[in-house]
Amino acid sequence: MPLDLNDIPAVDQAPADAKPTTALRRLDFTGSRRTLFKAIALGAVTVGASALNLFGARPAAAETGPYGLSGWDRNDCKDAYPTGYAEVGDTTGAYVNTYPACLSGYWRGSVYCEAGWHKYGTYQNGAVQSQHVPMSTSCGTSTMKNSWKWTTPDGKVWRCSDGHSTYWGPGHNGQTYLTICRALVQ
């Protein structure tokens, strides 16, 4: 039996042959039953949306680092690298002997981090001076951002934040390298 669009009743009008109902008769309500059910449905949607907001379910928004550079949000990095990537181990810092999380960069590690993002500024380490600048020209395949997140097999989430580091002093004559800050997020 095919469906005829004329057979579908209007939402806000009762059919001409509709019989009165005993449902909700005891309520002191002057509107129609349909209006009451619309109000109940709207109330349920409002309570549900409020509960989601209360418990932290928010739409994803790109992280923003301390210098206004944005990063990718997903923990599998598919937003920055849709086909994934072959992560490589840290070259220096606290996580050298843990699961690899980041890729690229001449050097990777926690020593390039400050407050969970790539360092910014000039630092002195003995006779060597370094200047670190976060940047957003190498992270991603279509849209470039400063950082991405990656979950390692142990369930930890890491932020890999890009920057350039330039060194002066013994053995260094102002060479600039792509460096990656690896910071624990959760």
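Could you give the length gained on full extension between Val157 and Asp73, defined as 0.36 nm per residue of separation minus the Cα-Cα distance, in nm?
Values: separation 84, 0.36 × 84 = 30.24 nm, distance 1.09 nm.
Roughly 29.2 nm would be gained on extension.
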Probe 1.4 Å, protein heavy atoms only - accessible area per residue of the range 94-186 in square angstrom: 48 Å²
Under a Cβ-Cβ cut-off of 14 Å, what is the net charge of the residues other than Ala115 that fall near it, where Lys and Arg count +1 and Asp and Glu count -1? +1
If you take every residue apart from Asn146 with its C-beta less than 14 Å away from the C-beta of Asn146, what net charge results, scoring Lys and Arg +1 and Asp and Glu -1? 0
Rounded to two decimals, the Debye log10 I(q)/I(0) of the range 59-180 (Cα scatterers, no solvent) at q = 0.22 Å⁻¹ is -1.30
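In terms of the Cα gyration tensor, with a ≥ b ≥ c the square roots of its eigenvalues, is the range 112-186 rounded because a/c is under 1.5, prolate because a/b exceeds b/c, or oblate?
On the way: a/c = 2.75, a/b = 1.73, b/c = 1.59.
Verdict is prolate for the range 112-186.
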Determine ³J(HN,Hα), in whole Hz, for all residues of the range 142-150 in sequence, where each value follows from phi through the Karplus function 6.51 cos²θ - 1.76 cosθ + 1.60 and θ = phi - 60°; x replaces Gly and Pro. 10, 10, 8, 9, 7, 8, 9, 10, 8
Check which residues have an amide H placed less than 5 Å from Met135's amide H, if you skip close sequence neighbours. Asp162, Gly163, His164
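The values are calculated or read from the model by the stated rules, or taken from the named source; none is laboratory data. Note that the coordinates shown come from a computational prediction; the quantities given were computed from them, not determined experimentally. Virtual Cβ from ideal backbone geometry, glycine too; neighbours counted across all protein chains shown. For the accessible areas, the whole protein counts, side chains as well, though only heavy atoms, and no ligand, DNA or RNA atoms are used. Shrake-Rupley method; radii C 1.70, N 1.55, O 1.52, S 1.80 Å.
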